[in-house]
Structure formats: C-alpha cells, structure tokens
Amino acid sequence: MSATQTAQLMHGTSLAERIVEEAAAKAAEISRHTGTSPCLATVLVGEDPASATYVRMKRARCAKAGIKSRHIVLPGATTTAELIDTLADLSSDPDVHGILLQHPCGPHIDERAAFEAIAPEKDVDGVTMHSFAAMSFALPGFVSCTPGGIMRLLEAYDVELAGKHAVVVGRSAILGKPAGMLLLAKDATVTYCHSRTADLSAIVREADVVVAAVGRPRLIRGEDIKPGAVVVDAGYNPGNVGDVDYDTALTRARLITPVPGGVGPMTIAVLLAQTAEAAANQLGVQQR
Ligand code: NAP
C-alpha cells in the first residue's frame, strides 16, 4: 500500500443500528408471545457524572428498542455487602431479565465480588467469571459487550482471522482479555500486550490484526502498523481520541475503526441484543 492510500473504515454506527433493530424485533416478539417486555436493571453507585451519562444513554437506547429498564441509584457510601444484596435481589426477581452494574463503582467497592452476585443468566454485560469461562470454553453464555461488538465488526467486514497474528494491547477483564479469547476461538494466533510489555512497537509491527484497548491517546503509532493490517481501536480518550494515531494509521491499514463511530456504538448494541436474548431464554420464547 502506498503512503497516499487510505484504509476502508469499519463503521460501527450503521452496524450497531442493525443489531439494535434485531434486538427490537426480538423484544416485540417476546412481548407478543408472553405479554412481558424484556427488562434491564441498571445499577449505579454514587453520582459520577460520566457514569450517570453512560447509564442514561443505555436506558434511552433500551426504550427505543422496546426494552424496559429499571434504574437503581445507590448512594456513593454504599458498601460492597449492600451492593451485593441489591444485585442478589435483582438476580432473583423474575421481572428483571438482565442486570448491568455500571462501573467503576468507586475504590471502596470490591467490584469482582459485586459482579459475582449477578446471576449468569442475567449477566448481559458479560462481567462474571461464569460468563468469561463460558466464553473461553465456547459454551453458551453472554460475552463482555465491547469485545463482543469488536467480533461482530470483524465478522461484518469479512476479516479472516484463522492463522492471522492478532495483537491485543490491553488486558483488562472486560475488554482486552476477553477480546483475545474471542480472537483465539476464531483460530487467530494471539499476543497480549500490557503496561509491562517490552518493545510494544516491535510486537505491533508483526500484527495482521491490532486491537487497541488501553486508554492512552494515540499510543499506537501509524508507522508501527503493518501495511494492510486491520486496526480496531477500542480506546476512547478525552477529545474523541482513540488509542491509535488515526491519521497515520489510515495510510497503512487495510481496515480501521474510526473514533468515534467504530467500536463505541457496538457496545450498547450488544448489550441490547443480549438483554433481548436473556429475556427470551427466561420467558421460554423460542429463538430463531
Ligand atoms: P483499563 O482497565 O485501564 O486497562 C487498560 C489496559 O491497558 C491494561 O491492561 C494496561 O496494562 C494496559 N496499558 C496501560 N498502559 C499501557 C502501555 N503504555 N502500553 C501497553 N499497555 C498499556 O481500561 P479498559 O477498561 O480496558 O479500557 C481501555 C480503553 O477502552 C479506554 O480508553 C476505555 O475508555 C475504552 N473502552 C471503550 C469502550 C467502548 O464501549 N468503546 C468500552 C470499554 C472501554 P496493565 O494490565 O499492565 O495495567
């Protein structure tokens, strides 16, 4: 590829719209068959404005798709035990089909313990150990939404993964680690990089597929992208900046996700799709 060529964009916005339409159709079918609409419970601890905005966006998208939401705001001083009680109550409430605990919950909360109070069949955000293990063993269950969205994008753009070298930069439990496991399940050869990785540039240069999931603006430089590689930028930093230096990567990659409008919209779309699926499972509606 010459320096003047530019990559094709992987548009998350339009694909996410289609996934949301499918979720809406499934929600309507569930309501028709059972008289009950799918319901997502959203739990927010404290008043962090960014977290409140994320939850508001998710609930607005639910409403548009015919998915009800029940919003629970707990005071910032809520203890881990109190949060676990709330999540356990929602887990056993038959009117709730999916549960989303907005995180981070604050430094005083043991988030892992809280996530584990979510019943696996309602873990539509894919945050429990059960969901991670099921995904890793290719068993039925819900995937973490952002990695799930990344895989849907790669599939939609016919990206061949078998035998390709995928480099995932970032190893968080909700993003980097599950993204690598999903790529492995598609027979990619996966390398994880993280804050202690020596010579990140050298490893990224070998990648056929790069997944950036760090939270450091423009950490991945265009000159390190192998010509013709596929670049998925999950990073979202202040000023709508990703983890990849977009302008320079554009001249080297074959396919690249824009920021915003790439991975971002896919996350909510997968959340809605998984909520509709959870409701169908729990209400005994046959799925096509
Ligand atoms: P996180 O929990 O902070 O994890 C960041 C990861 O990046 C860690 O594994 C860390 O390594 C690694 N890292 C940090 N500095 C590095 C460096 N210099 N070189 C290589 N690796 C480095 O973040 P996260 O929740 O996974 O989110 C990552 C990014 O994705 C953020 O920008 C976030 O906003 C975005 N995000 C987007 C969506 C979406 O819907 N689009 C959803 C979730 C997250 P260690 O493990 O060694 O610390």
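Over the residues of the chain, the helix contribution to mean residue ellipticity at 222 nm works out to -12000 deg cm²/dmol, using -39500 (n - 2.57) for each DSSP H run of at least 4. Taking square-rooted eigenvalues a ≥ b ≥ c of the alpha carbon gyration tensor, is region 33-120 rounded, prolate or oblate, where a/c under 1.5 means rounded and, failing that, a/b exceeding b/c means prolate? Note, shape of region 33-120 comes out oblate. Looking at region 145-264 alone, DSSP beta bridges between its own residues are antiparallel in about 5 percent of cases. Counting Cα-Cα pairs of the chain in 10 Å increments starting at 0 gives whole-percent bin shares of 7, 28, 34, 22, 8, 1. When the Cα gyration tensor is reduced to axis lengths a ≥ b ≥ c, the ratio a/c is 1.5 or higher for region 154-231, and with a/b not above b/c it is classed as oblate.
When the Cα centres of region 146-211 and region 1-70 are compared, how far apart do they sit, in Å? Their Cα centres are 24 Å away from one another. Relative contact order for region 33-120: 40 percent, from Cα pairs under 8 Å spaced at least 6 residues apart, divided by residue count. Per residue, region 97-145 exposes an accessible area of 41 Å² to a 1.4 Å probe, with every protein chain left in place.
Per the Debye formula on identical point scatterers at the alpha carbon atoms of region 148-288, with no solvent, log10 I(q)/I(0) at q = 0.15, 0.17, 0.18 Å⁻¹ is -0.70, -0.88, -0.97.
Per-peptide packing, taken as the mean over residues of other Cβ atoms within 10 Å, places 209-215, 57-63 in the sequence 209-215, 57-63 from highest down.
Each other residue within a Cβ distance under 15 Å of residue 180 adds +1 if Lys or Arg and -1 if Asp or Glu, for a net charge of +2. Set the bar at 24 Å for Cα to Cα. Now go through 68/122; 58/122; 64/186; 26/68; 58/226; 122/164 and name every pair that lies beyond it. Among 68/122; 58/122; 64/186; 26/68; 58/226; 122/164, the Cα-Cα distance tops 24 Å for 64/186; 58/226; 122/164.
The overall shape of region 196-235, judged from the alpha-carbon gyration tensor, is oblate: a/c is not under 1.5, and a/b is no greater than b/c.
The values are calculated or read from the model by the stated rules, or taken from the named source; none is laboratory data. The structure displayed is predicted, hence computed values, not measured ones. Ideal geometry is used to build each Cβ from the backbone, glycine not excepted, and the neighbour counts take in all protein chains shown. All accessible areas refer to the heavy atoms of the entire protein, side chains included, with ligands and DNA or RNA removed. Shrake-Rupley method; radii C 1.70, N 1.55, O 1.52, S 1.80 Å.
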